[in-house]
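Notes for the one structure printed next.
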Amino acid sequence: MLESLEGKQGKPRFKPPFPANYGLYGKPTTINNTQSLASVPAIIRNGAAWFAALGPEGSGGTALFSVSGHVEKPGNYELPMGIPFKDLLNDVCGGVLGGRKLKAVIPGGSSCKVLPADIIMDCTMDYTSLQQAGSSFGTGAVVVMDETTCMVKVLRRISRFYMAESCGQCTPCREGTGWLYRMLTRIIDGKGEEADLHKLVDVANKIEGHTICALGDAAAWPVQSFLKHFHDEFAYMIRNHGRSIVDAATDAAA
Amino acid sequence: MSDDIVNIEVDGEAVEARRGQMLIEVTDAVGAYVPRFCYHDKLSVAANCRMCLVEVEKVPKPMPACATPVGEGMKVFTKSPKAIAAQKATMEFLLINHPLDCPICDQGGECELQDLAIGYGRDVSRYNDGKRVVKDKDIGPLVSTDMTRCIHCTRCVRFGEEITGKPQLGTTDRGENMKIGTYVEQSVDHELSANIIDLCPVGALNNKPYRYSARAWEMAQHATVSPHDCVGSNLYAHVLRGTVKRIVPRANESINESWIADRDRYSYEAIYSGDRLMRPRVKENGAWRDVDWEGALAQAADVLKSADQDKVALIATPAVTVEEGHLLSQIADHLGTANIDHRVGRRDVSDQDNDPMYPSLGCSIAEIEQHDAILVAGSNVRAEAPIIAHRLRKAAVAGAAISFANSSVYEYLFDVANYLSGAGLVELLAGVAVAAADGNSLPDSVTELCDGVTASGAHKDVARSLAEADRAIVLLGNIAGRHASYTAVRALAAAIAELTGASFGGLSEGPNSAGACLAGVLPHRAQGGENRVTAGLDVASMLAQAMDAVVLVNVEPDADIHAATDAVARLAEQAFVVALTPFVSDALLEAADLLLPTGTFAETSGTYVNVEGTWQSFSGVASAVGEARPTWKVLRVLGNLVDAPGFDYVTSVDVRDEFVARLGEISTSNAYEASGRIAKVNGADAPANDIDIPLYSVDALVRRATALQLTDEAQRARAVSDG
Ligand code: SF4
Ligand code: FES
């Protein structure tokens, strides 16, 4: 953002120096997301203790949950941190769309690791709980997926996003995001190979932690978690030349 | 222990480092090689290639060595499994979209990607999806592009932004579509532009004229020195079976750093130009015919021997080597003439007795950037000495106040403090001198020149910046040196320096003005700078009088002589003109009677003394073209034939050693002492375009280098001179 404000290309700056020391046009700059800044007046008015008490230990205050996907009532909800996911899904959002079965949830935006239904149903929506479950709170953008969702296609959609959003500055992200997307596309096109599954995770591992900014990590985590929790679906599609396990299930049911 | 030193450990070895240094500088210093692509010691840190990832204790992620500052107690592992894994990961990413067309790539064999792929790549690619293809760009006649090979290290981009100040290459698009280009289709033109070839770690940017003409490993590398300006940039010639295939920089921090000017790189093309004189030729009754060397030299010697000693003229250029100069001045001595000069560009020699022993910069080349204020007067410095211009830019970027005084305005790619223009140089400098005097008395020599002159705000600014600086210098350029009233220009510049406490110096012409002066290729001074008892004639006077014999040493009378007008016609009227020359031209055919083919700088050994007084000797790097002979050998034989004593040198080193042994103490002083009050010369201060020589017209080689002549710069200059 600082780069864009200065009229340059929107590419991450190398840190240090951090913007607080050397920001816009070289001047100290506070740069934070809107939600954080929006909390400041209320905290000043009511005190820090009040804010902290709104949520559980370690995750004070409220959060804006932006729930999308297969729920009856998607939308933006401001709720206290630490609300059980079960309540968020059933009480706030009216349950899974069409009463179908929950398959998986990405709890905090597309970069967060996906959690299968049985894990997420036991989580509360705060930093600690989600981290213990192997994901993270992220941005509060909750993506709910029901049993009809093909995880391979979801992952390809996510990978396409990261390929398109990569700025191209550093090597692992620039080259790696495209590689991931192309492998997934090939699998969906029925031309996948067994070895691709290992390769996908390996490539993701080689992007993670090797880039200038966090976009590389964000591109890697979904791949790692989808393959961890839904390895079967990917393997099935490769063996069946592009046929989704979900379609197989619906066909069998029909 | 000083605060500035931190103790770190590199691969288990304790190392001291300066606080704030980047890891890669420390690992390089201790010889722990870390692979890299984007890092370059002359450019800012980009940290985008991620090849230099190393393991740092207590840091979970691998860290880029080029962008990680050292900290006390840091333990770094450059070859741990984690570091190697990260480096190999990057290599794999770099290669998936790389075309791997090494067999047809000129970079093959000297490619950083290829070299590192051997150490960090796999033997078989795991990538079996489609590869990226990128359209090549036309960025002019000097640099070829194969953009599919680009690994996006942005060295070329940073070069434009940081080194030349002309950011012509940049990135467009994002992600894997990111590409390097010029935004709008245009050539990349700057006098140093082709250095991006050496910076580019892969074969994306390459040498266009050299394209596909040799392989790196089949050529021999020979050190040489640039003959195009007073800097004497250090070069390597890459030679295949006696033919120069290309020129690359030879790093020398105190002279050219790791850069060379484009004309240093491409002028070699002229060695193989169709204009080369292949064998001696003589003019008889207006018709030219080939002769053998023996006959040609005998004829030249006869002419010289039978000439009246006052009617012999020897004219060289500032490209004459020390050795050639030494031989030439001994021949002159032996023939009893002092009509010998190399100052083909100088119009005003009236004050020559007050010249320094040799023209010098007044500081070392590297010291330029340590000044806080510099006034450059009478110079198109980017054309005269691109490397000096680069040093000036570095000074400016570091905060120095750089001002110019010149009749016409040239573009400088940095913030110029003041640009005085729009009048004659004498007038401009008189204003500064008056401002510098600030009401106090001026040196007597310039009082008449400054009579009635009032200083403007800009004049005062310039004077003030020089006076207030801790370290300031006034530099005269080649335009000043060719000025019709150089005496006045120099006196004023020296007065400004004196009044402001600045030092004083200048750029000289050609690669060896200094050496030529020391060797006594001057009508008023003998070898070692001693005044001659009776001064001989300077270039213009020699041409103006009827001579029995004129010897031109590598002079192109139409293009090199600015000291006189109509040089070709005047030479044509002379009784007999012998021209030692690598090239034949219409002008020489008209002016000369005997042509002796000599080698270019690449075909001869010799020594140049540059503008800071550094002696640089070089050997011949290429086989002679046709029957060309090194100039020093031709002069040696000629000396023998005219019975000059002691001409039994075997190598050019013998010549140099003898010269050095005879040379007394060399004075580097630039102190200027005028002989009395200098008068204004009417009309001499009119701005003259013909004394500004364009970038690619400075010498016979550059004028014949095809690629250089195709540049926009050369075409613009031609349009001006034709139009
Ligand atoms: S063209 Fe060469 S120097 Fe420029 S970014 Fe690409 S690889 Fe780097
Ligand atoms: S050399 Fe360090 S990231 Fe490129």
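The values are calculated or read from the model by the stated rules, or taken from the named source; none is laboratory data. Quick caveat: nothing in here was measured; it's all calculated off a predicted structure. Don't worry about glycine lacking a Cβ; one is built from the backbone with ideal geometry, like all the others, and counts go over all protein chains shown. Protein only, heavy atoms only, side chains kept; ligands, DNA and RNA dropped before computing areas. Shrake-Rupley method; radii C 1.70, N 1.55, O 1.52, S 1.80 Å.
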Can you tell me which of B:685, B:699, B:690 is open to solvent by 20 Å² or more (accessible area, probe 1.4 Å), out of contact with any strand residue (DSSP E or B) (no Cβ under 6 Å at 6 or more places or on another chain), touching a residue at least 60 places away in the same chain (Cβ under 8 Å) and under 20 Å from residue B:431 (Cβ atoms)? B:685
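Looking only at the stretch B:273-293, decide whether some residue is assigned to a helix (DSSP H, G or I) and touching a Pro at 6+ places or on another chain (Cβ under 9 Å).
yes
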With B:391, B:346 as the choices, which residue is assigned to a helix (DSSP H, G or I) and modelled with pLDDT of 95 or more? B:391
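Just name the residue that is farthest from the other protein chains (Cβ to nearest Cβ) out of those in the stretch A:198-211 that are assigned to a helix (DSSP H, G or I) and open to solvent by 10 Å² or more (accessible area, probe 1.4 Å).
Of everything passing the filter in the stretch A:198-211, A:201 is farthest from the other protein chains (Cβ to nearest Cβ).
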Odd one out for residue B:289 among (1) farther than 23 Å from residue B:585 by Cα; (2) open to solvent by 30 Å² or more (accessible area, probe 1.4 Å): (1)
Within the stretch A:66-105, can you find the residues that are more than 13 Å from residue A:140 (Cα to Cα), part of a helix (DSSP H, G or I) and in contact with a strand residue (DSSP E or B) (Cβ under 7 Å, 6 or more places away or on another chain)? A:89, A:92, A:97
Quick check, is residue B:360 of a type in the set (Ser, Thr, Tyr), in a helix (DSSP H, G or I) and crowded, with 22+ Cβ neighbours inside 10 Å? no
Being in contact with a helix residue (DSSP H, G or I) (Cβ under 7 Å, 6 or more places away or on another chain), farther than 24 Å from residue B:203 by Cα, more than 14 Å from chain A (Cβ to nearest Cβ) and buried (at least 20 other Cβ atoms within 10 Å of the Cβ) narrows B:78, B:68 down to just B:78
Note on the stretch B:595-639: residues over 15 Å from residue B:554 (Cα atoms), open to solvent by less than 10 Å² (accessible area, probe 1.4 Å), of a type in the set (A, V, I, L, M) and more than 25 Å from the chain's Cα centre (by Cα) are B:638
Only one of (1) assigned to a helix (DSSP H, G or I); (2) within 22 Å of residue B:244 (Cα to Cα) does not apply to residue B:621, and that is (1)
Within the stretch B:143-179, work out how many residues are open to solvent by less than 10 Å² (accessible area, probe 1.4 Å) and more than 12 Å from ligand 1 (Cβ to nearest atom). 2
Checklist (1) more than 24 Å from residue B:137 (Cβ to Cβ); (2) crowded, with 23+ Cβ neighbours inside 10 Å applied to residue B:195, failing item: (1)
State all residues of the stretch B:132-151 that are out of contact with any helix residue (DSSP H, G or I) (no Cβ under 7 Å at 6 or more places or on another chain) and either within 16 Å of ligand 2 (Cβ to nearest atom) or within 11 Å of chain A (Cβ to nearest Cβ) (or both); if no residue qualifies, say none. B:150
Select from the stretch B:554-573 the residues that are assigned to a helix (DSSP H, G or I) and open to solvent by 20 Å² or more (accessible area, probe 1.4 Å) and write down the one among them that is farthest from residue B:229 (Cα to Cα). B:573
Hey, does the stretch B:107-115 have a residue that's within 13 Å of ligand 1 (Cβ to nearest atom), of a type in the set (S, T, N, Q) and open to solvent by less than 10 Å² (accessible area, probe 1.4 Å)? no
Give me the residue from the stretch A:164-189 that is modelled with pLDDT under 95 and over 19 Å from the mean Cα position of the chain (by Cα) and, out of that set, nearest to the other protein chains (Cβ to nearest Cβ). A:168
Would you check if there is a residue in the stretch B:313-332 being touching a residue at least 24 places away in the same chain (Cβ under 8 Å), assigned to a helix (DSSP H, G or I) and open to solvent by 10 Å² or more (accessible area, probe 1.4 Å)? yes
Those helices (runs of 4 or more DSSP H) completely within the stretch A:115-186 that have 1 or more residues that are within 24 Å of residue B:154 (Cβ to Cβ) and open to solvent by 10 Å² or more (accessible area, probe 1.4 Å) are A:151-165
